[in-house]
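The values are calculated or read from the model by the stated rules, or taken from the named source; none is laboratory data. Treat the numbers as computed from the prediction; the structure is a model and nothing was measured. Cβ placement follows ideal geometry from the backbone for every residue including glycine, while neighbour counts extend to all protein chains displayed.
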């Protein structure tokens, strides 16, 4: 690369590093003082993602307005525009993948900067030492890119952010979502193999451990992350490419030595999950994010249809019973009830106090809530579905293990809050055994019903903290069988199948014309064949 192009990239890389608005000084030298491209520091910036963490902005502007409603993992009022995406906030979410900003970490732009810096390495042996950062970054990139596909469909990807390659800023063409998935699956296999045999020098391992704020330099965890993501993506293709998905998935789940997964066979919550912890100086919580638009209420289907009928032991850490002020006196509710979704907002709003709300200790006032990349429970729900579909393993055992892990995980989240109230004790083994035998939970059912129960329990587990995954899996499987009230706004009577593209693409990207006809809210994502 020559002259001006090189200096442009030096300036951009410096700005990326100097633009950090959150304090990461505990993790590496002050990024505001950075003046040169640093691949390790760029990885840390890439990982420091408040779109993964349950930040105020992510929950308030994206989850409770879009994915939380479309998956019914949050309570909501049936206002006229309830199913209409907020164009400004969804544009923010889109842009935070492509550029650095205050809320997202600019996944793609940071990765392109790392690629360019990697190409510029001239010292012998340095590329070999820096390769681990590139591999970790690519796993995160592919995770987030495929989630973008799950929400929007075709996206600019392969040529997006390629300023350093051509020396000019330009818009990139839209790439087919199926092609992005295929690329991700191939790359993730290679990346998992890379981490399986990787040995770092003492110095490189120490630096990687310091910069890796997600998995703290644990090479096996990065291998597991790549394998788990492959498993998730192949299962997403189970109805789109059933033969290929069957072969690939069974190869993964039946060969744990070759393809280790974060499945928590001796599960310890937090340790065996892939979680992004809050920064040490974080002092926020989700109370305002969930209460400002009246999304604090317990979702009706989640509580009344999915959890209460089966005496779900997670109810006390999911919800508070709440109550109402009557003549100046707070009268607590005596039962857990979810906010109905089959009546208008004018009926819902005055009655909010009569219904349960999100638990204050676990969710509303918990400053220690992590961002979730993967949990052991999700892995085992995926295994259970695979074995139920295609045989080759004990679907029941993985289904029950996933439920046990989900229970443990949510009580773990509750225990992270040490200021609101004392953590609730986890349920006893007898209570869990009884729950697993409840009608609607018990695995003694017809094959189709088993798949429905696996999907429903996974949806419960994903919840609003993983609302993108919950919405995606709901569209893929059709479960649970959610009811949405039809609203009278023309064109927005029901939730969409996908998000439509933001103005930055529709107005300025010359390649938008190639996807304009398919840019409708009712067009299904390529893997959605049901």
- [ ] Name, by its number, the condition in (1) closer than 25 Å to residue 485 by Cβ; (2) crowded, with 19+ Cβ neighbours inside 10 Å that does not hold for residue 275.
- [x] (1)
Task: residue 228 at pLDDT 95 or above, outside any loop (DSSP other than H, G, I, E, B) and buried (at least 16 other Cβ atoms within 10 Å of the Cβ) - done: yes
Task: Filter pass, residue 214 being touching a residue at least 24 places away in the same chain (Cβ under 8 Å), in contact with a strand residue (DSSP E or B) (Cβ under 6 Å, 6 or more places away or on another chain), in a loop (DSSP other than H, G, I, E, B) and surrounded by 15 or more Cβ atoms within 10 Å (Cβ to Cβ) - done: yes
TODO: For residue 196, indicate whether it is assigned to a helix (DSSP H, G or I), within 22 Å of the chain's Cα centre (by Cα) and farther than 23 Å from residue 148 by Cβ.
DONE: no
- [ ] Provide a single number: the residues in the stretch 243-273 that are in contact with a helix residue (DSSP H, G or I) (Cβ under 7 Å, 6 or more places away or on another chain) and part of a loop (DSSP other than H, G, I, E, B).
- [x] 11
Open item on the list: Among the residues of the stretch 75-88, are any more than 23 Å from residue 358 (Cβ to Cβ), assigned to a helix (DSSP H, G or I) and in contact with a helix residue (DSSP H, G or I) (Cβ under 8 Å, 6 or more places away or on another chain)?
Closed with: yes
Open item on the list: Looking at the stretch 93-106, I want the residues that are on the phi > 0 side of the Ramachandran plot and in a loop (DSSP other than H, G, I, E, B) and have a partner that is surrounded by fewer than 21 Cβ atoms within 10 Å (Cβ to Cβ) and at pLDDT 80 or above with Cβ atoms under 7 Å, at least 6 apart or on another chain. Which pairs are those?
Closed with: 106/99
Open item on the list: Checking the conditions here, which among 489, 465, 499 is in contact with a strand residue (DSSP E or B) (Cβ under 8 Å, 6 or more places away or on another chain) and either assigned to a loop (DSSP other than H, G, I, E, B) or modelled with pLDDT of 95 or more (or both)?
Closed with: 465
Task: Every residue from the stretch 231-275 that is over 22 Å from residue 397 (Cβ atoms) and without any contact (Cβ under 8 Å) to a residue 60 or more places away in the chain - done: 241, 242, 243, 244, 247
